[in-house]
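Student: Take this structure first; my questions come after.
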Amino acid sequence: MTEVTGLGQAEESAYRVLLRLPAASGPELAEHLGSSVAEATSLLLALENAGMAHPVPDTPATYRAAPPDLALGPLLHRRERELHEVRARIAQLTDEYRSRTANEFVELVQGTQAISQRVDQLQRFARKEVRGLVKPPVVAVSAQDNELEYELLATGVRYRVVYDRELLLLQGDPYQVTHAAEQGEEARIAVDLPLKLAIADDDLALVPVADTQGEPSAIMVHPSGLLDALGALFETLWVSSTPILVGASGEVDLDALSDEPTREDMRLLSLLLAGLTDQSMASQLGLSTRTVQRRLHDLIKLTGVRTRVQLIWQATKRGWI
């Protein structure tokens, strides 16, 4: 609250005490605060000047707290106006910058510290979603350093991340894939990701590139056809990747990440493509109808789709049938 009112911690404490009392004089407030009478009287005057307390009629040395909505409402409105002015100024500066760099839709970022700052800025820039492709090695920001993701997840920003399967072969989960999934990150696994990538909404992207002159580099991509292409690439990889499942033990279920169906699965898919009912497929395979339905559900999760029609499309695309 001190940031809103502009008052110090002592004034805030005095106001909180005054809220709990019908009214208080300097000596009475001093008793509750454990301060001197002179200090308590000074605090009452400061609260009066801020509109957070007012003298009780006929007893000018006694003060009553102003209701918080009346006392702090005008301050809040003033801060909102100031914030609106700041946003308008930022928008103006952004327009000026983009008009100067109309043909410069990419910029080179060099050095670990500079890239780390841009990763932070990109995440804070997002209002709805952050999308990412992650593969080793770490360039600037490790999983341990990226606490900002968990803060933003708590505020409702969506995170969708595709990890390279190679990461799951590393000992000790150094990329904290399991922890991120537990915190609300939507995570998937793919094989041989073509690049590293981070995208904020549809407005900004960061692509790490090869080291130049012994230091890491990245390109920041602003709204352009290239940014649209990067977004489309992510969505293509997302659809074809495998959702990460965290088992009861709290660890990633590696068995659920198998990229190849069994021969029985492929036969099941071919029967599904032929239009057979669940009962007919069960009869053909010598299985129960429930087992067929459960296996189809597992294959839907494996391919990261939602319907059987999408499953057939994915199975055809992957060359399973």
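Bear in mind these aren't lab numbers, they're just calculated from the coordinates by the rules spelled out. Model, not experiment: these values are computed from the prediction. Here the Cβ is made from the backbone with ideal geometry for all residues, glycine too, and neighbour counts use every protein chain on show.
Student: Could you give the length gained by full extension between Val106 and Ala91, i.e. 0.36 nm per residue of separation minus their alpha carbon distance, to one decimal place?
Tutor: Extending this stretch completely gives an extra 3.5 nm.
Student: In the neighborhood of Asp202, defined by Cβ-to-Cβ distances under 12 Å, what is the net charge if each Lys or Arg adds +1 and each Asp or Glu adds -1?
Tutor: -2
Student: Convert each backbone phi in region 300-315 into a coupling constant with the Karplus relation 6.51 cos²θ - 1.76 cosθ + 1.60 (shift: θ = phi - 60°), then list the ³J(HN,Hα) values in order as whole Hz, x for Gly and Pro.
Tutor: Each residue of region 300-315 in turn: 5, 5, 4, 8, x, 10, 10, 10, 5, 4, 5, 4, 4, 4, 5, 5 Hz.
Student: For a quick check: sort Tyr150, Tyr163 by the number of other beta carbons within 10 angstrom, fewest at the front.
Tutor: Final ranking by Cβ density, sparse to dense: Tyr150, Tyr163.
Student: Something else about it: Efficiency by 1/(1 + (r/R0)^6): what FRET value for Arg306 and Arg16, r their Cβ-Cβ distance, R0 = 41 Å, to the nearest 0.05?
Tutor: For R0 = 41 Å, the calculated efficiency reads 0.20.
Student: Could you go through region 50-55 in sequence order and give the Karplus-derived ³J(HN,Hα) for each residue, using 6.51 cos²θ - 1.76 cosθ + 1.60 with θ = phi - 60°, rounded to whole Hz, and x for Gly and Pro?
Tutor: 8, x, 9, 7, 8, x
Student: Could I have the simple spin-label model distance between Gln9 and Asn49, label points 7 Å from Cα toward Cβ, reported in nm to one decimal?
Tutor: 2.1
Student: Still on this structure, please answer the following. Using θ = phi - 60° and the Karplus relation 6.51 cos²θ - 1.76 cosθ + 1.60, list the HN-Hα couplings for region 33-49 in order, rounded to whole Hz, with x at every Gly or Pro.
Tutor: 8, x, 10, 6, 5, 4, 5, 5, 5, 5, 5, 4, 5, 5, 5, 5, 5
Student: Expressed as a fraction of 2.2 N^0.38 Å, the rule-of-thumb size for a compact globular protein of N residues, what is the C-alpha radius of gyration of region 260-317?
Tutor: 1.00
Student: To continue, here is another question. Hey, what did region 1-100 get for relative contact order, percent, Cα under 8 Å, at least 6 apart?
Tutor: Dividing the mean separation by the residue count of region 1-100 yields 23 percent.
Student: Right, something else. Need the full-extension length gain, Glu264 to Arg124, defined as separation in residues times 0.36 nm minus the C-alpha distance. One decimal, nm.
Tutor: Extra length available between Glu264 and Arg124 comes to 45.7 nm.
Student: Taking H placed 1.01 Å from N in the peptide plane, check which residues at least 5 places from Tyr63 or on another chain put their amide H under 5 Å from its amide H.
Tutor: Ala24, Ser25, Val56
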